[in-house]
């Protein structure tokens, strides 16, 4: 009887392990696809693949995170695409992920998606979407103040805001510096996002 | 048994070797490919995305019975069961159905201009109204820059497409506003009572409006008040003309709010500086108090708004029938307006809106012919008609209303709305020593349905059954509209409707055979709009039946028509940070009503009206400059005099006024512009109307015998306003975020 139970435990252990390997391989494969994506179509293919992984796994937030990140990148890469639709899709994916776990990285996606929506019509949307975007980063800081991506995004927001609106290069620079430092110190777990620091480093010379 | 369950897991590595290739195409209901559609085997990693031609292909290692799912933005999710073999190729032709959704579906634009952030295709928002140069933040003045409205400035109201001012009604949160303007003063147009910032959305329907509204022959201005203010604040406004103090308090949980404010207007200092033609023996003075509360319910909101005001003024003008006499006019007005509404989502696709309104308006007026020393003057029998110009008038208008609208969402976004409303109105009027009273019980039943055939084709069908006890008549008013998307950004729409309105109380006092006055509208509209640009072309035909005749007896045997074409163009794209709109209206209208001897173009209708509104906010100096130019061709004027036998009015004199020109300018300085969540917001405003000092002739006043005529002109050539508006506030957005963590 005992042996029988042990056998079941072992077998299911193996099964979980097998499943997990499959998951790791699939995420890695699609991360490579995401990183090499050149067109909106590539990004949509990567996003759909990640969403399928998320839907099948049911307990992993990372696939949804990458699926949403691909939508955000699609919006950045093609300004003629329907920015509202892409941002809405990204937010829907974040919501799926947040049903599993809330964390700073998901808040950063919220920030990027609402910023994309704000930029569609800054004059009229700045009050609502602008507030949502900055609230998302405040929430991200509360969740994990050591996430370099938060400060990179804050820096980009400052960098893109004219000085007369309270932004500017001077204000962006310390944020990029913080992002670089945190990026170097970050202990990256396998498959987890690790961007932000390197991107901030590229921005630093532009802040001179 | 357990072993049997475990068995497939051991076989997993083997399964990896065998793959099925799935290829195919995704099309929509009309056979067009759906690029970007995502195809997946449910609960697996396997799937693909349709390319630009709708084609897809992928491989799967799944076996046996599996569910295939197709998702695409704007389409309904599609599922199909597949029996997967060990290997081979499976070819699928997938057809998915369009999801009809509110954001994509076509909306009927015929006849209506939506304003406010809430509505798609909004023409302008509250801020646009407040920053329309020369409009002085008056809703009506701003809407006059849209096509369809006339540039009438000797009386208040929106004169739409050949309709008189009273043919346009205003509605707040569903109920009619009986006295939307400050009380009339002869030949001087008055402002509206409501600030544009009370509303989150406004729809100015210049015809063909919904069956939910009635009793307006020409147009309906429907306004929806804001739900929950963003922040608690204290507001102060100061100007040489007025002072305002108010507060708005939002509960920390953002579930309820209340506010009060008081405003005092006194133009004495202003009249010292800007000379007025009439001799004001009592300088216009207004006390306005406002209160509101809002409570969020489970799936809706309860809103209450009240405003109380008292105003008084007195002015003298030279009497037209003599060289030295004067006509004095004195007005004292009390107005109390209340609006309570409850909007609730009842679940299961049902929505409800209950509204009640109560308003009472009292005018105490006296008119007097005075001599050179401003003393009352009595007349000999030979000129006893001069005594007609001296009188006292007390006029109280009280209206209580109840309205219920239910909405049910059917399949897709098809909806039906139905409901009922009841207005009780009484209007006792004492003229000299005689009291007249008009009391009415008005009932209406209405129903309306929106059908979406596809996202590109929609119909609205409605009908309204109305009964007014004062005339004891019942009328059925059908309404219909259709919209068809002809391109990505353009659409055609058509609206038709019958509209009834009971005669004005002033006309009902004298008995006679009165029925509902009636107008039938036909409107064809073409709209092409992108986010920053809008082109709107509209043609209309309006038939008037049963207009009120006042001579030889009171009845509803009048008639008329109006037809025309209009253009609207708004552009915020071509020049960055520069916003402008252009309106042009052509109007051909004639009517035989009141004491007209035949079909004539009424005095409030100009054939051509043109407006251009421009706005530019210059960020480095945080200042906005707004210029508005309006032009209208001359309007006809008539002197109708009774013939010798007293059987007919004849045209004793007629002509056309000079064309109307008005350049309005306003500048607003906003030092907090660009600061997100600024605690203190300040706006400095200066506004000038008729900068160029053009003569704005509205017509003539005639002497009793018709031998003398005096031009009707505004009380001053130009009007000015300066003021500073400050608010100190606590933004509750942060609280919400904190509470949710």
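The values are calculated or read from the model by the stated rules, or taken from the named source; none is laboratory data. Just so it is clear, the structure is predicted and the values come from calculations on it, not from any experiment. Here Cβ is always computed from backbone atoms with ideal geometry, including for glycine, and neighbour counts include all displayed protein chains.
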From the option list B:547, B:524, single residue qualifying as more than 14 Å from chain A (Cβ to nearest Cβ), in contact (Cβ under 8 Å) with a residue 60 or more places away in the chain and in contact with a strand residue (DSSP E or B) (Cβ under 6 Å, 6 or more places away or on another chain) is B:524
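So that you can scan it fast, the table gives a plain yes or no per residue for (1) assigned to a loop (DSSP other than H, G, I, E, B); (2) out of contact with any strand residue (DSSP E or B) (no Cβ under 6 Å at 6 or more places or on another chain); (3) under 18 Å from residue B:716 (Cβ atoms):
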| site | (1), (2), (3) |
| --- | --- |
| B:634 | yes, no, no |
| B:637 | no, no, no |
| B:651 | no, no, no |
| B:654 | no, no, no |
| B:662 | no, no, yes |
| B:668 | no, no, no |
| B:678 | yes, yes, no |
Restrict the check to segment B:436-446 and report whether at least one residue is more than 24 Å from residue B:176 (Cβ to Cβ) and either assigned to a strand (DSSP E or B) or at pLDDT below 90 (or both).
no
What tally of residues in segment B:211-228 results from selecting those that are within 20 Å of residue B:729 (Cα to Cα) and touching a residue at least 40 places away in the same chain (Cβ under 8 Å)?
2
Lone unmet requirement of (1) more than 10 Å from chain B (Cβ to nearest Cβ); (2) without any contact (Cβ under 8 Å) to a residue 24 or more places away in the chain; (3) under 28 Å from residue B:618 (Cα atoms) for residue A:99
(3)
Could you figure out which of (1) within 12 Å of chain B (Cβ to nearest Cβ); (2) within 22 Å of residue A:60 (Cα to Cα) isn't true of residue A:162?
(2)
Counted residues in segment B:635-651 being at positive phi and within 42 Å of the chain's Cα centre (by Cα) come to 0
I'd like to know if segment B:500-516 contains one or more residues that are assigned to a strand (DSSP E or B) and without any contact (Cβ under 8 Å) to a residue 40 or more places away in the chain.
no
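Would you mention how many residues in segment B:372-389 are assigned to a loop (DSSP other than H, G, I, E, B) and either in contact with a strand residue (DSSP E or B) (Cβ under 9 Å, 6 or more places away or on another chain) or within 16 Å of residue B:326 (Cα to Cα) (or both)?
Residues flagged as assigned to a loop (DSSP other than H, G, I, E, B) and either in contact with a strand residue (DSSP E or B) (Cβ under 9 Å, 6 or more places away or on another chain) or within 16 Å of residue B:326 (Cα to Cα) (or both) within segment B:372-389 amount to 7.
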When every residue in segment A:42-67 that is in contact (Cβ under 8 Å) with a residue 24 or more places away in the chain and under 14 Å from residue A:192 (Cα atoms) is compared, the one surrounded by the fewest Cβ atoms within 10 Å (Cβ to Cβ) is A:60
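If the requirement is being in a strand (DSSP E or B), farther than 29 Å from residue B:695 by Cα and in contact with a strand residue (DSSP E or B) (Cβ under 7 Å, 6 or more places away or on another chain), which of these qualifies: B:217, B:245, B:212?
Details: B:217 fails: in a strand (DSSP E or B); B:212 fails: in a strand (DSSP E or B).
Going through B:217, B:245, B:212 in turn, just one is in a strand (DSSP E or B), farther than 29 Å from residue B:695 by Cα and in contact with a strand residue (DSSP E or B) (Cβ under 7 Å, 6 or more places away or on another chain): B:245.
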Quick one: which residue in B:605, B:539 is assigned to a loop (DSSP other than H, G, I, E, B), away from chain A (no Cβ under 14 Å) and under 21 Å from the mean Cα position of the chain (by Cα)?
B:605
What about residue B:232, is it modelled with pLDDT of 95 or more, buried (at least 18 other Cβ atoms within 10 Å of the Cβ) and touching a strand residue (DSSP E or B) at 6+ places or on another chain (Cβ under 8 Å)?
no
For residue B:317, work out the one condition from (1) closer than 29 Å to residue B:173 by Cβ; (2) surrounded by fewer than 18 Cβ atoms within 10 Å (Cβ to Cβ) it doesn't fulfil.
(1)
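Each row is one residue, and each column tells you yes or no for (1) under 12 Å from the mean Cα position of the chain (by Cα); (2) in a helix (DSSP H, G or I).
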position: A:46; (1), (2): no, yes
position: A:50; (1), (2): no, yes
position: A:54; (1), (2): no, yes
position: A:63; (1), (2): yes, yes
position: A:73; (1), (2): yes, yes
position: A:100; (1), (2): no, no
position: A:107; (1), (2): yes, yes
position: A:131; (1), (2): no, yes
position: A:135; (1), (2): no, yes
Filter segment B:17-40 down to residues that are part of a loop (DSSP other than H, G, I, E, B) and either within 12 Å of chain A (Cβ to nearest Cβ) or more than 41 Å from the chain's Cα centre (by Cα) (or both) and give me whichever is modelled with the lowest pLDDT.
B:17
Picked from segment B:566-579 (must be within 30 Å of residue B:218 (Cβ to Cβ) and more than 20 Å from the chain's Cα centre (by Cα)), the residue modelled with the lowest pLDDT is B:572
Is it the case that segment B:395-406 has a residue that's touching a helix residue (DSSP H, G or I) at 6+ places or on another chain (Cβ under 8 Å), assigned to a strand (DSSP E or B) and either surrounded by 14 or more Cβ atoms within 10 Å (Cβ to Cβ) or assigned by TED's automatic domain parsing to the domain that holds residue B:457 (or both)?
yes
